[in-house]
Amino acid sequence: MSGLLIPTLVLALAIGLSLGMLGGGGSILTVPMLTYVAGLDPREAIATSLFVVGVTSAISALTHARRGFVQWRTGLVFGATSMAAAFLGAMIGEHISPTVLMVAFAVMTVATSVVMIRGRRPCDGPDCRAESSRLTLVAIGLGVGMVTGLIGAGGGFLVVPALALLAGLSMPVAVGTFLMVIAMNSFVGLVGHLSSVHLQWTLVAAVTTTAVLGSLIGSNVAARVPAQALRKGFGWFVLTVGIVVLVQELPDPAGLILAGVAAVTGVAVLVCRVVPACPLGSRPAPS
């Protein structure tokens, strides 16, 4: 492991940067990094990821809270339901084969990357600020919590826009609120895994410290780099991660076929950015 510690920590820095800048992406990178670079078993990688992302998200959330970018009431309603689902997801995950968990993780990774690359039309009208019902927040929270506990990924790139649209939050507040929620989910999901997984605490401490440093840097960088450029660039990187996981986990030719489908989907989304009638496109509104 010692020979792989440096690349592991470099990637941990990238994880922190992602959380600090975009409010998501931590688990999308952490699980495959710990599995393929650090050499951990998938279940141990998922549990370790929950600890790393939980601590990093909590510290990032406090940074956002000091700037007034956390809506506590929405976060508590969302978080309370997702925490229960995260624990249940972790319990279910203990009875699923590691290969199935990693393939499920890859599918979510590809779906997340498509959302990031595709983008969303800016929305500033009254409909975009309509208050969501608690039932809506509960429904989204249950889904996010289940995914977090099951495969160690919080779906931040899917949920942050949902909080902005459904809960009427500005994007900075949506990011800060989601960081609070994903910290809660991660710690509860971790408790569900610790009954059967032993963590390498020296590695956990090193990765967590590096990720926290990256998140603090990312919070400052986010104010200086266009959010659209960050999102799209990271989307292509996340798509690449998903393709690599599919190729690694599935036997030929299934892995290559699904990886090819994922790659073609990404290219199709890129092409549709310039085709107005394309259903996959989401061209930005004119300035």
Check your understanding: What is the calculated FRET efficiency for S170 to S196, with r their C-beta to C-beta distance and R₀ = 41 Å, to the nearest 0.05?
Key -> 0.50
Review point. Say R0 is 35 Å: what FRET efficiency, to the nearest 0.05, do A139 and F237 get from their beta-carbon distance?
Key: 0.70
Check your understanding: Given a Förster distance of 30 angstrom, what is the FRET efficiency for I96 paired with R66, based on the Cβ-Cβ distance and rounded to 0.05?
Key -> 0.15
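No lab work stands behind these numbers, since they all come straight from the coordinates. Since this is a predicted model, take the numbers as computed values, not measurements. Cβ sites come from the backbone with ideal geometry, for glycine too, and all protein chains shown count toward neighbours.
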